[in-house]
Every structure is written in C-alpha cells, then in structure tokens.
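Peer 1: The structure's right below; bear with me while I get my questions together.
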Amino acid sequence: MSDSILRIFDEFDKLKGQFVITDSWQIERLVAIGEDDMDYYYVTYNDRDLKWHTCVGRIIPLKGYLREKDYNYLIHIAKLNDYGNMNIFLKSLDEYLSKHHEGNKFLTEFCWDLN
C-alpha cells in the first residue's frame, strides 16, 4: 500500500463519523473512503446523499474546534434528519454505486456513528 493511502486511512480513522467542512464549503459527515481508477475520495453524507470529494483536497474537522454545545447541536439535527435515509444506503450500496459512481468502490467500512 502506498504512503498516500495509509495517510488517508489514518485521517479517516481519526475523523470518521464526524462533521467536517468539505472543499465545496459544505458541512457534511465523513462516512467512508472510496476510490476509482484515478483517485481516492473522502465520502461524506449530507443527510440526503453521499458526496465524493477528492483526497487531493482537504476536509476540515469541526469537532474540538467548535464549541462543544454547537457541535452537539449538529449531532442533534443529524439525528432528527437522517436515520431513515441512511438505511436506504445501507441496503443498496452496490446499486447506488452502479447508478451514481460506476467503477468506483469503497475502501473502508461505512461509519454511520455520529461522533
């Protein structure tokens, strides 16, 4: 395994399930790492869909940087919004990939835990 993917896995282990700011300036939850034939991706979840962000870019962690009560509010809102939608992805990840990201694969297990 290359040093690059080992660093990506290490970062994922530290941040999985947490809210992060993506390169598109969205607050989303980091749930997996994916790849295609050209790149590695941070896979995030925005309470409705999975988003793929190149690992060439950055994700900015929020836990430990926001006030604890503000971060906990993000968790509270996520609990209200996403558990029904999340089950759709758990049941049909292969179908999801074939429709939206053909040729891509997930390199990690999904972390749906809110951290």
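Peer 1: Can you tell me which of (1) under 12 Å from residue 114 (Cα atoms); (2) in contact with a strand residue (DSSP E or B) (Cβ under 7 Å, 6 or more places away or on another chain) is the one residue 54 doesn't meet?
Peer 2: The number of the failed condition is (1).
Peer 1: In the range 50-62, is there at least one residue being without any contact (Cβ under 8 Å) to a residue 24 or more places away in the chain, part of a loop (DSSP other than H, G, I, E, B) and not hydrophobic (A, V, I, L, M, F, W, C)?
Peer 2: First pass over the range 50-62, keeping only residues without any contact (Cβ under 8 Å) to a residue 24 or more places away in the chain: 56.
Restricting the remaining residues to those that are part of a loop (DSSP other than H, G, I, E, B) gives 56.
Subset that is not hydrophobic (A, V, I, L, M, F, W, C): none.
Taking every residue of the range 50-62 in turn, none turns out to be without any contact (Cβ under 8 Å) to a residue 24 or more places away in the chain, part of a loop (DSSP other than H, G, I, E, B) and not hydrophobic (A, V, I, L, M, F, W, C).
Peer 1: Answer yes or no as to whether residue 87 is in a helix (DSSP H, G or I), at pLDDT 90 or above and not hydroxyl-bearing (Ser, Thr, Tyr).
Peer 2: Values: in a helix (DSSP H, G or I): yes; at pLDDT 90 or above: no; not hydroxyl-bearing (Ser, Thr, Tyr): yes.
Answer is no for this residue.
Peer 1: Determine if the range 66-82 includes at least one residue that is farther than 13 Å from residue 115 by Cα, modelled with pLDDT under 95, surrounded by 12 or more Cβ atoms within 10 Å (Cβ to Cβ) and within 9 Å of the chain's Cα centre (by Cα).
Peer 2: No, the conditions are met nowhere in the range 66-82.
Peer 1: Conditions: (1) touching a Phe, Trp or Tyr at 6+ places or on another chain (Cβ under 9 Å); (2) in contact (Cβ under 8 Å) with a residue 40 or more places away in the chain; (3) not basic (Lys, Arg). Residue 42 meets all but one. Number of the miss?
Peer 2: Looking at each condition in turn, residue 42 falls short on (2).
Peer 1: For the range 1-17, what are the residues that are free of Cβ contacts under 8 Å to residues at least 40 places away in the same chain and part of a loop (DSSP other than H, G, I, E, B)?
Peer 2: Listed by number, the residues that qualify are 1, 2.
Peer 1: Report, by residue number, each residue of the range 13-39 that is under 23 Å from residue 3 (Cβ atoms), surrounded by fewer than 18 Cβ atoms within 10 Å (Cβ to Cβ) and modelled with pLDDT of 95 or more.
Peer 2: Passing the criteria: 13, 14.
Peer 1: Taking residue 41 as meeting all but one of (1) closer than 23 Å to residue 81 by Cα; (2) in a strand (DSSP E or B); (3) not acidic (Asp, Glu), write down the number of the exception.
Peer 2: So the condition that residue 41 fails would be (1).
The values are calculated or read from the model by the stated rules, or taken from the named source; none is laboratory data. All of these numbers come straight from a predicted model, not from anything done at the bench. Reconstructed Cβ throughout: ideal geometry from the backbone, glycine too, with neighbour counts over all protein chains shown.
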